[in-house]
């Protein structure tokens, strides 16, 4: 008699730790805060069930509605560039599945808060569900709307980042940034440069962190 085979659940924790070690070796992850955050957040819990087996491949994945979850190395690059600190108020544009916001929430701690704006209703609900299941719904607020206009209600922000390609750094986002704050935006239509702006005496000082590829930012100040 042949016994029924029991499907073995992948060891996601082991895969997560191996991915983080790889990102550290390649220089994408450097700070203790970012390393611990990416070790702590289960990427598989922020993906549709049918693609969870690819959770710890280092490339973008489709999450529905024509959108993607960023590759882990890009998440690492962005959170390191933002220099996140406990207690900060952060605005994300493009919630997607909620994964990137979850990593940021771990880095800014219980005293910080993430506001993340998503234009697609189905993804708003998906992100809210994922964050609730991860125990982060009190630390991340998912808002539905045109992210290119930011979120004036909770401004100003210590940090702002955009997880979509913009034609430039949207002026409304610049105006919602605190003095000394940092904003990170992929700028360009088909191939983007990841631009980091620091607000110094009311003016942005811009650094180019290199090339990247994101889905377009759709909205009044996007494409």
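Just so it is clear, none of the values below were taken in a lab; they were calculated from the coordinates. Note that the structure is a prediction, hence the values are computed from the model and not measured. Note that each Cβ is placed from the backbone with ideal geometry, even for glycine, and that neighbours are counted across all protein chains shown.
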Estimated distance in nm for a label pair at residue 9 and residue 198, the labels positioned 7 Å out from Cα along Cα-to-Cβ: 4.5
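Can you classify the stretch 101-149 as rounded, prolate or oblate using the Cα gyration tensor, where a ≥ b ≥ c are the square roots of its eigenvalues, rounded means a/c under 1.5, and otherwise it's prolate if a/b beats b/c and oblate if not? Write out the running numbers ahead of the final one.
On the way: a/c = 2.75, a/b = 1.44, b/c = 1.91.
Oblate, because a/c is 1.5 or more while a/b does not exceed b/c.
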Rounded to the nearest 5, what is the percent of antiparallel bridges among the DSSP beta bridges in the chain? 45
For the stretch 171-212, what relative contact order do you get, as a whole percent, if you take Cα pairs closer than 8 Å and at least 6 residues apart? 33
Please check: in the Gaussian network model of the chain (C-alpha springs, under 10 Å), which one of 205, 153, 144 has the largest mean-square fluctuation. 153
Angle in degrees between helix 121-133 and the longest Cα principal axis of the chain, rounded to the nearest 10: 60
From Cα pairs below 8 angstrom and at least 6 apart in sequence, can you work out the relative contact order of the chain, rounded to a whole percent? 14
In whole angstrom, the spacing between the Cα centers of the stretch 20-60 and the stretch 171-200 equals 24
Taking a label point 7 Å from the Cα of residue 110 along the Cα→Cβ vector, which residues of the stretch 71-97 have an amide N closer than 17 Å to it? 86-88
Using only alpha carbons, build the gyration tensor for the stretch 12-212 and give me the equivalent ellipsoid semi-axes, biggest first, whole Å. 24, 19, 17
Estimated 222 nm signal from helices in the chain, with DSSP H stretches of n ≥ 4 weighted -39500 (n - 2.57), rounded to 500: -8500 deg cm²/dmol
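Quick check on packing: order 158-169, 76-87 by the mean number of other C-beta atoms within 10 Å, highest mean leading. Working shown, then result.
Working: 158-169: 23.2, 76-87: 19.6.
The densest-packed peptide leads the list: 158-169, 76-87.
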Using only Cα atoms, tell me the angle between helix 12-25 and the longest principal axis of the chain; keep it within 0 to 90° and round to the nearest 10. 50
